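I have placed the structure first, in the form of structure tokens, so that the comments after it can refer back to it.
None of the figures in this text is laboratory data; all of them are computed from the coordinates on show. The model shown is predicted, which means the values in this text are computed figures rather than measured ones. Heads up, the Cβs are rebuilt from the backbone with ideal geometry, glycines too, and the neighbour counts pull from every protein chain shown.
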Amino acid sequence: MIPILSRVLHDVVKGLLGPRGFVGHIGGDDFIFIIPASDISLVCTEILSVFDTLVPFQYNEQDQRAGYFFGKDRRGQLHRGAADDALDLGSSPTATARSPTRPRSASWRPR
């Protein structure tokens with residue numbers, strides 16, 4: 001599911017915003033995307049819509065009917081998992097910060 005999520009995030013953010021959006025993989029199933037605040041609703045709604053459309057295709061009919069599947073974790077242990085993955089999105093406003101002693105310019109580089 002992680003490769004599908006990464007593709008959905010990338011395609012939606014870049015498809016809707018182009019260079020105004022950034023998508024990064026923190027690790028495991030954690031991702032970050034940075035977008036203008038004015039586009040949060042549009043982007044998040046589209047991400048959830050695309051994800052919800054694709055999830056059912058990741059499970060066979062038997063698993064879909066049962067509502068769960070069996071899979072192995074990274075240690076090889078068998079676990080029962082829900083066949084209705086959910087996606088949680090959160091947002092946090094940020095502001096651009098500038099150093100009071102060193103104005104940011106095209107030639108400025110952190111030490």
Pseudo-spin-label distance His79 to His25, built 7 Å along Cα→Cβ, given in nm, is 1.9
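What's the extension gain from Ala37 to Phe69 if we count 0.36 nm per residue and subtract their Cα-Cα distance?
Details: separation 32, 0.36 × 32 = 11.52 nm, distance 3.77 nm.
Additional length available on full extension: 7.7 nm.
Between Thr94 and Asp11, what length in nm is gained on full extension when 0.36 nm per residue of separation is reduced by their alpha carbon distance?
Details: separation 83, 0.36 × 83 = 29.88 nm, distance 2.30 nm.
Residue separation times 0.36 nm, minus the Cα-Cα distance, leaves 27.6 nm.
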